[in-house]
1. Going by what's in this entry, would residue 67 be described as farther than 14 Å from residue 38 by Cβ and among the acidic types (Asp, Glu)?
2. Run down 79, 87 and say which single residue is surrounded by 14 or more Cβ atoms within 10 Å (Cβ to Cβ), touching a Leu at 6+ places or on another chain (Cβ under 9 Å), of a type in the set (A, V, I, L, M) and more than 15 Å from residue 44 (Cα to Cα).
3. Pairs, please: C-beta under 8 Å, at least 6 apart or cross-chain, first residue within 18 Å of residue 133 (Cα to Cα) and in the range 47-63, second in a helix (DSSP H, G or I) and among the charged types (D, E, K, R)?
4. Can you tell me which residue among 139, 130 is farther than 19 Å from residue 41 by Cα, outside any helix (DSSP H, G or I), touching a Lys or Arg at 6+ places or on another chain (Cβ under 8 Å) and at pLDDT below 95?
5. Test residue 39 against the stated conditions and say whether it is hydrophobic (A, V, I, L, M, F, W, C) and closer than 21 Å to residue 11 by Cβ.
6. If we scan the range 88-97, do we find a residue that is at pLDDT 90 or above, under 10 Å from the mean Cα position of the chain (by Cα), among the hydrophobic types (A, V, I, L, M, F, W, C) and under 24 Å from residue 32 (Cα atoms)?
Amino acid sequence: KWRDSEWWRAMEIREDVPGALKPFSCNGDDNSSATPENLRAMARAALSVVLQHQTEESAFSAPPFHEIPVDLIKQTYSALVCIYLEAARRDLSSHQFLLYLTQRCALSDPASKPLGDLFMENKQELRKLLCRSAHHSSL
């Protein structure tokens, strides 16, 4: 188990990735599009694309995305894909994943919990995808 001061080291993610979620963080800008509901919708769409259930076009054509600025969608989508894949690669537990979101990305518990639930629901499928995409003996 990680000590509190070392939990973040398991995630090999550049500093700009957690920063991309800043609009949704506790200290985020006052952006009316940066709601926990929109973050959850973007996480669902990102996972759907990564797991090849939908194309980007169809995943991001739902009504909530019509009101979200394109730049916010792009930066959030990229960050979520990176975080989900790295967390799956590292086989993070639900607790570890939530710690990453709350402590490293500064997301609130209400914003983090649905993302953690989505991660746990899709973790095994993400790990299978990673195994198919390359040889990962660590998996």
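1. On the way: farther than 14 Å from residue 38 by Cβ: no; among the acidic types (Asp, Glu): yes.
No, not satisfied.
2. 87 is the lone residue from the list that is surrounded by 14 or more Cβ atoms within 10 Å (Cβ to Cβ), touching a Leu at 6+ places or on another chain (Cβ under 9 Å), of a type in the set (A, V, I, L, M) and more than 15 Å from residue 44 (Cα to Cα).
3. Within 8 Å, the pairs are 49/56; 51/125.
4. Values: 130 fails: outside any helix (DSSP H, G or I).
It is 139.
5. On the way: hydrophobic (A, V, I, L, M, F, W, C): yes; closer than 21 Å to residue 11 by Cβ: yes.
It is true that residue 39 is hydrophobic (A, V, I, L, M, F, W, C) and closer than 21 Å to residue 11 by Cβ.
6. no
The values are calculated or read from the model by the stated rules, or taken from the named source; none is laboratory data. Since the model is a prediction, treat every value here as computed from it, not as a measurement. Every residue, glycine among them, receives a Cβ derived from its backbone with ideal geometry; neighbour counts consider all protein chains shown.
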